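The values are calculated or read from the model by the stated rules, or taken from the named source; none is laboratory data. Since the model is a prediction, treat every value here as computed from it, not as a measurement. Cβ atoms come from the backbone with ideal geometry, glycine included; neighbour counts cover every protein chain shown. Note: accessible area is taken over every heavy atom of the protein model, side chains too, but ligands, DNA and RNA are not part of it. Shrake-Rupley method; radii C 1.70, N 1.55, O 1.52, S 1.80 Å.
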Amino acid sequence: MAKVILWGSLKKAVGGKTELELDVSDVRELLDALGERYPKLGPQLDAGVSVSIDGTMVRDNLFVAIKPDSEVYVLPRMAGG
Amino acid sequence: MSLQTETETKRSFNQIGTRPVRPDGIDKVTGRARFGADMEMPGMLHGLVLRSPHPHAKVKSIDISRAAKLAGVKAIVTRDDFKMPKDKDLVDICANIMARDKVLYDGHAVAAVAATTKAIAREALKRIKVEYEILPHVTDVDEAMKPGAPILHKGMRTGGMDTKPRKDSNVVKRYKFGHGDVEKGFKQADIVIERSFKTAATHQGYIEPHACLASIGPDGQGDLWVCTQGHYMVRNVCAGLLGLDVSQLRVTASEIGGGFGGKTTVFIEPLALALSRKANRPVKMVMSRDEVFRATGPTSSTSMDVKIGATKDGRITAAHAELRFQGGAFAGSPVSMGAMTAFACYDLKNVQSIGYDVVTNRPKQAAYRAPGAPMAAFAVESVIDELASKLGMDGLEFRILNAAGEGTKSSYGPTFGPIGLKTTLEKAKSHAHNKAKLGKNQGRGIACGFWFNFAGNTCVSLNLQLDGTIALSVGTPDIGGSRASMSLMAAEELGVPYDKVRTIVADTASLGYNDVTDGSRTTFAAGLATIEAARDAIGKMCGRAAKVWGIPADAVKWENGYAKPAGPNAGAFKPMSMAEIAAIAHKTGGPIAGHYEINADGAGVSFATHIVDSEVDPETGRVTILRYTVLQDAGKAIHPDYVEGQYQGGAVQGIGWAINEEYIYGEDGRLQNAGFLDYRIPVASDLPMIDTVILEIPNPGHPYGVRGVGETSIVPPLAAIANSVSNAAGVRLTELPMSPPKVLKAIGEHNRA
Amino acid sequence: MSQIHVSTTINGDQAEFLCDADETLLDVLRDRLGLTGSKEGCGTGDCGACSVTVDGRLVCSCLMLGAEAEGREIGTIEGLANGDELHPLQTKFLEHAALQCGICTPGFLVAAKSLLEHNPKPTETEVRYWLAGNLCRCTGYDKIVRAVMDAAKEMRKA
C-alpha cells in the first residue's frame, strides 16, 4: 500500500486525516481512488494537482508508476516564471 | 548499436561546459533580430486598447457609435465580442482581457479598436463613451481581508477553511502545508522570534512591451506572431476564447525581449485576433509602457507573519508562517508556492505554513521568477538571521546546522534526493567575500533560497540534412540563450561540432505541444528531449550503416560523430561520418530524423546561497550595494556564460525588489508610477559586479545532470539584502522596498527607542 | 494634416521621408524606414533601447521628432558594423555573452560606441554612469560592463 499524503487544506475533504494508505499502481489509479472515495476532493482534482512520487514531481502524466512502498504527496498545481 | 541510456552524471564532456557564441548572436548585435513589434504585413491595421481609469466600477454602457463612424476605423471590439467560455480555466482570462460587467482595476481593458493608422486609432479611443458606476475599491491585502471590505466577486467564498464560510470574501482560498506539531515544537524552544513583514508588488520589468501581429480570416484560419514565453499556450488560450479550432491558428514566437514569467499568459493577443477577424485584415498591437505597468504583470504584494523557535545549541524546534498574498483582481496569487517554499531550506520536525490567496483591485498578478518564493524567503530568512544573532551564532553555521539534505522530509512534503544546499553554504563560508572586512555603516547579509524547477510537456525534432549538418526544432521560446544550450547538447550527443547544429524555435504547426518556457524548465526538459531526439537519430544512422555493411544494427556503435563496428567480431568496416550517412540517406531508406516527445518529470530542485555587502547612509537612508556573490547549484552548467547570466540577472532583479521597486497606489486606487522614471529598476551605476560560483550537484533525473537555474537566483536576494541592510543600519528592516524614507524611518524609530 | 518632407543622412546614406508633425524619430526609423533595430521600451526616454546618435550626440530617438532629423546625420545600430566586419563592441558583446534576450542590446551598443568616442579609456565607474540611461533587465549589467571595457581595450590596441 502506497502512503498518500494530501496537503493540509484538503484535510476536511478526506474526513480529517491527510495521510492515507492506498493500493494503487500508477497516477491514474491514485486520482481515481481519491475521486471515488472522497467525492469532496472532486473540485480540487478537477482544478489540477501536482503529484510527488518518492520525491519526483509529476504533472498530469497518468501512467507514472507508484510502487507499494512509494511515498506520494498530492500538492497544488504549480506555475513558474 | 550500443547507446548509453542510463544516467550519465559522471560522464566527461567534449562540448558541454564550453562557452561558444550563441546562434542568434549576430542578429541581436546588429539589430536584425525580429522581436514582437518588429513585424509588418501588407494591409496591416493598428490596434489600441481603451482602459478603465477606475479601480472598481460597474460598466453600465459602452457607446462605440462615434468611434465607428471615424474614417479609417475598421473594427471595434468590446465585451460583446467575447462569449464567456465554458472551459473554467479560461473564464478569468476572458474577464481579464476584456472587462465584463465590472472593471476591476485601473487599466482593465474595456474596448479595442483597429484603424489604418495609430493616430486614427488613438482618436477613435477618445470617441468611445463608457458609462461607469464607481464602486468602493481596495488595493491592500490586509484591508481586502477585513470584514466589510469592498467585495470584488459576488459569490466568492473562501476555500480550504475548516468550517464552510457563510459570507462572500476577497479571500479565495487558504492553503496549509507542513508536518509535526508546531505547538509542541515551540515549547521545546529556548528562544522564539516572531516578526511581521510586508513586501510591495513589483513588475517583471521586461524591456520589451507585449506585442503581436494577428491575421485571421472569416474562415477561422489564422496566424499570430507574438512575443511570448509559450506560443502553444497562446494558441490554445486564444483558440478557446475565439472559438477557433486549435489547428487553424498557427502561432509563431518572435524573439522575446524578456519575460521572467510575465509573458506566460495572454493580454492583447485575443483582442488582436478578434479585431483582425472582424476587419478581415492583419492587426498589429503593441502595448505602451504605461499599459504594461497598469495591466500586465506584476507579482503579489504581501503581508506575512513568521515565527521560528530554536534551542540554545542552535537547533530549530518549530517554524510557522502565515502568508497573505494579494494577486490582483482574480484568483491565483502564488501564495501556495510561497507557503511550500518558505521553509524548504531547513530540516524541520515541526513546521507549518499557511497561505491566503486574496483578490484586490489591482491588475491580475502574473508569474514572476520563482513565483511566491522570494517574498516567503525574505520573511523566513530574516527571522533565521535574527535567531542566529540572538543565539550568538554565525548565520552560515546556524543554517548549516539546520539545512535540508538528501533524505530530509521537505517542509512541503516530499523527501529530498541529492541536493546542493549544504554545499552552497559551505562554499559561502570559505569564500573570500565572507571574510572581507566591512567599514562604517556597512553590513553583510546572507540568505538561502529554494525553487522546485519544472519539467513538463516537450516535443523536439532533429533533422539530419543532406550534408550531415543538423536542424534542430524546439518549441520553447528562447528567453536567455537556450538555443545555444540546445545546440550544445545535440552536438555533444551526436559528436559533431557545435556550429554544425542550428537550433530554431518552431511554430505551433511544426511540432507537438510544448509547455511554456517557465519554471526553469527549458534547459532541463527541452534539453532532455534534444538529447533523446539525438539518440533517436543516432539509432537510425547506426541502422543505415549496418545496412550498408550488411551486419546487424546492434553490431554498430556511435562514437564521436561516426558509426563504427561495435567490436572486432562485427567486421572491419571504415567508420562512416554523419556527412557520409547523410549523403546516401535517400538510397538507404530516406530522410533521417530524430524525435522525442515527453511529459517530463525529474526536474531536480535547486538551492542557492547569496552573500551581499551594503552601506547605509544614515543621513539619507540610501542603500548602496557594495559587493554581491551568488553561489548556486546548477546540476550541470551546459553553457556557463548563460548560467552565470541567470545568477546575475536574478540577483539584480532581487536588488531592485529589495531597495527600489514598488507599485504605488493613490487613495483613488490608481497606479501612480506607471513608467520607468518613477518605477525605478536598477541601472548600471547602482551596482557592483555580481560574482558567481556555479556548483554542480548532478540531478539524477537528467542525462547530463542538469537542474533549472533561472528562478532560484531571485529567491535569496530580498532576504540577503534585508539582512545586510539591517546589519548596516543596526535595526531590523521588515518592509520592502527598503527605500530611503523607510530606512530613515526605521533608523529614527530605533534611535528614539 | 499635411506631412513634412525631411532630408537626412542615416548611417552615411541619404534618406528622405514624409512624416506627421507629431511623429517621433523612432517611429520614423521603425515604421517608415524599416530600421527596426532601434527598440521602443518606454517611449519616455527612460530605457535607452531607442538610442541613436544625431550629429554624433547620443539621444533617445523616442524623444526627438522625425522632422527634427532634417539636415542631420543619424547613426543607428544598423550602421555599427562595417559590411560583414563587426564593430569591436559587437564582437565583445558576443564573446562575453553580454546579452540574454537582446532587446536592450542595440541601445547599449549605440550608447557604448558613443562613450568610447568620447572616452577611449573609461574606468568601470565611467562605463556604469555612461550606460545608466540604458535599462537591461536580464543580465544585471555585469557582462555588459565587462564587454565594453574589453572592447575599449581592444580598440586602443588597434
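Of note:
- Total residues in the stretch B:283-296 satisfying the condition of being touching a helix residue (DSSP H, G or I) at 6+ places or on another chain (Cβ under 6 Å) and either open to solvent by 10 Å² or more (accessible area, probe 1.4 Å) or within 14 Å of another protein chain (Cβ to nearest Cβ) (or both): the figure is 2.
- Residues (surrounded by fewer than 23 Cβ atoms within 10 Å (Cβ to Cβ), in a strand (DSSP E or B) and touching a residue at least 12 places away in the same chain (Cβ under 8 Å)) located in the stretch B:412-459: B:Gln442, B:Gly443, B:Arg444, B:Asn457
- Entirely in the stretch B:268-360, the strands (runs of 3 or more DSSP E) that have 3 or more residues that are under 26 Å from B:Arg670 (Cβ atoms): B:301-310, B:316-326, B:351-358
- Any pair with Cβ under 7 angstrom, 6 or more apart, that starts in the stretch C:71-95 at a residue that is crowded, with 18+ Cβ neighbours inside 10 Å and ends at one that is of a type in the set (Lys, Arg): C:Leu80/C:Lys113; C:His87/C:Lys113; C:Leu89/C:Lys113
- Residue within the stretch B:323-346 that is among the charged types (D, E, K, R), within 14 Å of another protein chain (Cβ to nearest Cβ), open to solvent by 10 Å² or more (accessible area, probe 1.4 Å) and more than 23 Å from B:Arg399 (Cβ to Cβ) present: no
- Residue list for the stretch B:168-197, restricted to those being within 14 Å of chain A (Cβ to nearest Cβ), among the β-branched types (Val, Ile, Thr) and in contact with a Phe, Trp or Tyr (Cβ under 9 Å, 6 or more places away or on another chain): B:Val171, B:Val172
- Residue match in the stretch B:104-119 (condition: among the β-branched types (Val, Ile, Thr) and more than 25 Å from C:Asp22 (Cβ to Cβ)): yes
- Among all positions in the stretch B:374-389, there is no residue which is small (Gly, Ala, Ser) and in a loop (DSSP other than H, G, I, E, B).
- Filtered by the rule that a residue be under 21 Å from B:Ser336 (Cα atoms) and either among the aromatic types (Phe, Trp, Tyr) or touching a residue at least 12 places away in the same chain (Cβ under 8 Å) (or both), the stretch A:35-53 gives A:Lys40, A:Leu41, A:Gln44, A:Leu45, A:Ala47, A:Gly48, A:Val49, A:Ser50, A:Val51, A:Ser52, A:Ile53.
- Subset of the stretch A:22-53 [farther than 28 Å from B:Ala603 by Cβ and out of contact with any Gly (no Cβ under 7 Å at 6 or more places or on another chain)]: A:Asp23, A:Glu36, A:Arg37, A:Tyr38, A:Pro39, A:Lys40
- For the stretch B:706-736, a residue qualifies if it is in a loop (DSSP other than H, G, I, E, B) and either modelled with pLDDT under 95 or under 21 Å from the mean Cα position of the chain (by Cα) (or both), and the qualifying residues are B:Val706, B:Arg707, B:Gly708, B:Val709, B:Gly710, B:Glu711, B:Val715, B:Pro716, B:Leu736.
- Comparison of B:Tyr175, B:Tyr232, B:Tyr132, B:Tyr206 shows that the only residue that is touching a His at 6+ places or on another chain (Cβ under 8 Å) and not hydrophobic (A, V, I, L, M, F, W, C) is B:Tyr132.
- Within the stretch B:225-282, the set of residues being of a type in the set (D, E, K, R) and within 14 Å of chain A (Cβ to nearest Cβ) comprises just one member, B:Lys263.
- Unmet criterion (only one of (1) of a type in the set (Gly, Ala, Ser); (2) touching a residue at least 24 places away in the same chain (Cβ under 8 Å); (3) surrounded by 24 or more Cβ atoms within 10 Å (Cβ to Cβ)) for B:Ala684: (2)
- Identification of strands (runs of 3 or more DSSP E) wholly contained in the stretch B:175-258 with 1 or more residues that are of a type in the set (A, V, I, L, M, F, W, C) and without any contact (Cβ under 8 Å) to a residue 12 or more places away in the chain yields no element.
- When the stretch B:654-702 is filtered for residues that are among the polar types (S, T, N, Q) and at the interface with chain C (Cβ under 9 Å from one of its Cβ atoms), the ones remaining, listed by number, are B:Ser685, B:Thr692.
- Residue within the stretch C:129-142 that is more than 21 Å from C:Thr44 (Cβ to Cβ), open to solvent by 10 Å² or more (accessible area, probe 1.4 Å) and not small (Gly, Ala, Ser) present: no
- Here B:Ser301 meets the list (1) closer than 20 Å to B:Ala719 by Cα; (2) without any contact (Cβ under 8 Å) to a residue 60 or more places away in the chain almost entirely, failing just condition (2).
- One residue stands out among those in the stretch C:117-153 that are over 22 Å from B:Tyr647 (Cβ atoms) and in contact (Cβ under 8 Å) with a residue 40 or more places away in the chain: the one that is nearest to the other protein chains (Cβ to nearest Cβ), which is C:Gly133.
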